[in-house]
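All remarks here apply to the structure that follows.
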Amino acid sequence: MTSRLEFGLLGDLEITNGSERIELGSGKLRVLLATLLLRANHTVSVDELVDRLWGAHAPKGARTTMQTYVMRLRRVLGDDGAEPELIHTRPGGYLIGIRPEQLDLHRFRELIERETFHEALRLWRGPALVDVPSESLRRDEVPRLAEERLQALERRIELDLRQGRHRELVVELAALTREHPLRERFWLQLMLALFRSGRQAEALERYREVRDLLVEELGVEPGAELRALHAAMLREDPSLHAAEQTRTGGPPDDRAWWATASGPWSRGWGRCGWQRARGRDRWARAWPTPAGPRR
């Protein structure tokens, strides 16, 4: 039964039916399924599918060959009855119709909306679509998915900092700044974790390090938030120390050190990263509800 199938995009392409894993031996079938899942419950045009499968090197008869791939994919997924339940033919393309809980990407986005970041990040098994051989998917989709993960990671670390876990975060953040050296949010969080751990000199040295890096690589000074944090550290602003959580579970008011430099919190995170309203709207649009009965 296709209703029991679950799909994973956050790592290698994974298909399970209960406790059984279903293998797709063909790279083309993985490309086809991944493309449909990324637009789940939306029609994907034949032209887009051909582009994902072959790029600029589509063979003669590519559309006919693609139809053969669709038939093979339906067969592997047990969706080859007289009326397919999973992959539907639509005017101009194909649609995979699934429930939100059947796809790890949607579960990830749902958990982020609920601000359960640790649980959300555990869904990642590795780089997204790591075994899907499509240049256009790697160009168009993989960077976007990687950015969603990094934004979630930034928010999880922010929450950990608010909860007083700064000492535990230093090693992780040091690794993240090496892995993503131009991502200012991780440097800001590392500086704050070091300062709250009683390592003010190291925190200030990290600012000098990232400033030199940004000037050398991009020809720009650090953003307003990093500069405000640096200034607050120099004057040993008491608001930098870990704040107690509010009884309601809301964010403590521990951001005064940069509020005047970059505007109210509700305006977003500036150059360092994620903006709440924009991200929430985008994720809401990314998971459409199937329109009309399945055919």
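The values are calculated or read from the model by the stated rules, or taken from the named source; none is laboratory data. All figures in this text were calculated on a predicted structure; none of them were measured in a lab. Every residue, glycine among them, receives a Cβ derived from its backbone with ideal geometry; neighbour counts consider all protein chains shown.
So for the stretch 120-128 (the condition being part of a helix (DSSP H, G or I), at pLDDT 95 or above, charged (D, E, K, R) and outside the structural domain of Met191 (by TED's automatic domain parsing)), does at least one residue qualify?
No.
Among Glu158, Glu147, which is more than 29 Å from Glu23 (Cβ to Cβ), free of Cβ contacts under 8 Å to residues at least 60 places away in the same chain and within 11 Å of the chain's Cα centre (by Cα)?
After ruling out the rest, the residue left standing is Glu147.
Name every residue in the stretch 138-152 that is surrounded by fewer than 21 Cβ atoms within 10 Å (Cβ to Cβ) and either in the same structural domain as Asp212 (by TED's automatic domain parsing) or part of a helix (DSSP H, G or I) (or both), in order of residue number.
Of everything in the stretch 138-152, those that are surrounded by fewer than 21 Cβ atoms within 10 Å (Cβ to Cβ) and either in the same structural domain as Asp212 (by TED's automatic domain parsing) or part of a helix (DSSP H, G or I) (or both) turn out to be Arg138, Arg139, Asp140, Val142, Pro143, Arg144, Leu145, Ala146, Glu147, Arg149, Leu150, Gln151.
What about Ile112, is it of a type in the set (Val, Ile, Thr), out of contact with any strand residue (DSSP E or B) (no Cβ under 6 Å at 6 or more places or on another chain), part of a loop (DSSP other than H, G, I, E, B) and surrounded by 15 or more Cβ atoms within 10 Å (Cβ to Cβ)?
Numbers: of a type in the set (Val, Ile, Thr): yes; out of contact with any strand residue (DSSP E or B) (no Cβ under 6 Å at 6 or more places or on another chain): yes; part of a loop (DSSP other than H, G, I, E, B): no; surrounded by 15 or more Cβ atoms within 10 Å (Cβ to Cβ): yes.
Criteria not met by Ile112.
Out of (1) farther than 18 Å from Glu135 by Cα; (2) of a type in the set (A, V, I, L, M); (3) modelled with pLDDT under 95, the odd one out for Ala56 is which?
Ala56 satisfies every listed condition except (1).
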